[in-house]
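Notes follow the structure.
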Amino acid sequence: MSEKVLIVTFDNVTDAMAMEEAAEGAHLTGKLIPLPDELSAGCGYAWKHDLSEREQLEALIRSETLDHEKILEWER
């Protein structure tokens, strides 16, 4: 069974860690993962998040001005 999730990619590990800290503080359910082989980004980490919380995640990124490369829907 495939799973469709949000993936946030980053230029560097510092930005990925800032996302993790902000999301935990906002009680969002995502997690930091190794970047899937099928994707390319500036660093080796990505934020994996439930698709149903897309609005909350994007609002957090805006309010905390979190640096990231892109947000995409990914199915595996």
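The values are calculated or read from the model by the stated rules, or taken from the named source; none is laboratory data. Keep in mind the model is a prediction, meaning the values are calculated, not measured. Cβ sites come from the backbone with ideal geometry, for glycine too, and all protein chains shown count toward neighbours. The protein model used for the area step is the full one, side chains on, heavy atoms only, and it has no ligands, DNA or RNA in it. Shrake-Rupley method; radii C 1.70, N 1.55, O 1.52, S 1.80 Å.
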### Summary
Listed by chain and number, the residues whose amide H is under 5 Å from that of LEU35, excluding neighbours fewer than 5 places away on the same chain and using placed H, are TYR45, ALA46
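How high is the relative contact order of the chain, given as a whole-number percent (alpha carbon pairs under 8 Å, six or more residues apart)?
50
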### Message
Using only DSSP helix segments of four residues or longer, with each worth -39500 (n - 2.57), what per-residue ellipticity at 222 nm results for the chain after dividing by its residue count and rounding to 500?
### Response
-9500 deg cm²/dmol
### Rounded to whole Å, sorted largest first: equivalent-ellipsoid semi-axes of the chain, Cα gyration tensor
17, 15, 10
### Cα-projected label distance for GLU21 with SER2, points at 7 Å along beta-carbon direction, nm
3.7
### Message
Counting heavy atoms of the protein chains only and a 1.4 Å probe, report the per residue accessible area for the chain as a whole number of Å².
### Response
62
### Message
Quick check: pseudo-label points 7 Å beyond the Cα along Cα→Cβ at THR29 and GLU73, how many nm apart are they?
### Response
1.8
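Could you give the length gained by full extension between ASP50 and ASP37, i.e. 0.36 nm per residue of separation minus their alpha carbon distance, to one decimal place?
That works out to 2.7 nm of additional length.
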### Query
If you keep only loop residues by DSSP, which GluC sites (Glu not before Pro) in the stretch 15-69 have at most 15 other Cβ atoms within 10 Å of their Cβ?
GLU38, GLU64
